[in-house]
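Visitor: Before we start, here is the structure in question, set down as structure tokens.
The numbers here are math on the coordinates, done by the rules we state, and not lab data. Quick caveat: nothing in here was measured; it's all calculated off a predicted structure.
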Amino acid sequence: MQLERFGRASLLLALCLFAGCRVLSPVAIEPKSQYIAPALLDASDPQVEIGRPNKVIDTVGNVIGIPTKLLFWNRRLEQHKISEETLLTATDYLENNGLPHVKLRANQYAPLEDWGRLRKNTTVSPWIRYTVGTLSVAQEAVFPGRVFGGDHFNPYTQTIHLYSDLPTVALHECAHAKDFTRREYQGLYSLAYGILPIWHETIATEDVYAYLETADDQRLLVEADRVLYPAYGSYIGNALGNVVPAYSFPIYLGTIALGHANGRAIARERIAAHPEIFGAD
């Protein structure tokens with residue numbers, strides 16, 4: 001019965017995307033408390049680390065990322081070369097939201113260092129940290145994002161892994177870090193992500209919109225409309241696919257397409273409302 005209700009809720013979100021509704025509102029994450037492992041607050045450890053450029057590996061990563069670029073219609077996804085603008089946007093967010101313990105790895109492969117961070121992250125129960133957390137680090141070691149991409153926040157190591165050169169994608173992963181930091185039982189919250197990820201994704205995405213609305217950054221808001229809406233469509237598609245497995249792939253593609261249509265319609269409205277910024281765009 002709960003699965004049916006979840007499926008109906010996901011279907012309602014999909015219909016809202018189809019109808020052109022603004023399903024994502026600017027809702028900031030308001031942490032009443034923060035739960036940070038003291039051992040992760042090492043002043044000698046740089047918060048941002050950038051992988052050493054490697055033309056062969058980065059080219060392979062770019063090629064492997066072509067389906068993602070096409071599906072979400074953005075060549076800067078899985079680019080494996082992160083600009084200063086994207087890094088500064090992320091570090092400003094981390095500083096403004098009091099997240100000094102979060103590591104940002106930009107196109108970097110460092111599983112041994114991540115293992116060290118896993119051991120230090122006492123905000124996650126040892127039972128979860130040394131089982132699911134160990135598997136997450138092992139997965140990164142065996143299937144490195146440096147090659148296969150996949151921007152994400154790892155709550156077990158409190159590390160953001162970034163491979164796309166899009167400030168809004170970086171902000172989205174930073175928002176996940178902010179969301180997890182306010183949770184007393186971060187291990188259980190991470191397990192909940194495996195069951196109902198759309199909950200976590202909604203919180204993070206709406207926080208990005210709130211952050212950009214507060215900053216009145218219209219250019220990044222337009223980027224968010226074009227990037228985060230189709231991404232949100234993919235989360236809805238995954239949720240519906242779990243309810244109707246036989247049609248999971250066409251549902252997934254369809255909800256991404258709806259996300260594109262809705263996000264770009266909202267972006268056009270935003271551009272039209274600010275001719276002083278976008279001119280003839």
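Visitor: Considering only DSSP beta bridges with both partners in the chain, what is the antiparallel share in %, to the nearest 5?
Guide: 30
Visitor: Separate question: Return the sequence-ordered ³J(HN,Hα) values of region 99-107 in whole Hz as given by the Karplus equation 6.51 cos²θ - 1.76 cosθ + 1.60 applied to θ = phi - 60°, using x for Gly and Pro.
Guide: Result, ordered by residue: 10, x, 7, 7, 8, 10, 9, 9, 6 Hz.
Visitor: What length, rounded to one decimal in nm, is gained on full extension from Arg52 through to Ala192, with 0.36 nm per residue of separation minus their alpha-carbon distance?
Guide: Gain on stretching Arg52 to Ala192: 46.9 nm.
Visitor: Can you give me the three principal axis dimensions of the chain from its C-alpha atoms, in Å, biggest first?
Guide: 50, 48, 42
Visitor: Note down the relative contact order for the chain as a percent, whole number, built from C-alpha pairs under 8 angstrom at least six residues apart.
Guide: That works out to 25 percent.
Visitor: Measure out, as a whole number of angstrom, how far apart the alpha-carbon centroids of region 213-281 and region 153-195 sit.
Guide: Region 213-281 and region 153-195 have Cα centres spaced 20 Å from each other.
Visitor: Where does the chain land at 222 nm, in deg cm²/dmol rounded to the nearest 500, when only DSSP H runs of n ≥ 4 count, each adding -39500 (n - 2.57), divided by all residues?
Guide: -19000 deg cm²/dmol, from helical runs alone.
Visitor: On to the next question. For Lys120, go through the lysines and keep the ones whose alpha-carbon is under 16 Å away, minus same-chain ones fewer than eight residues off.
Guide: Qualifying lysines at Cα under 16 Å: Lys103.
Visitor: Under 18 Å Cα-Cα from Lys32, which lysines qualify once same-chain neighbours fewer than 8 residues away are excluded?
Guide: Cα-Cα hits under 18 Å: Lys178.
Visitor: Just the projected area, averaged over all directions, of the convex hull on the alpha carbon atoms of region 38-181: how many nm²?
Guide: Approximately 8.3 nm², given one-decimal rounding.
Visitor: Taking Lys55 as the anchor, which lysines have their alpha carbon closer than 21 Å to its alpha carbon, excluding any fewer than eight residues away along the same chain?
Guide: Output for Lys55: Lys69, Lys81.
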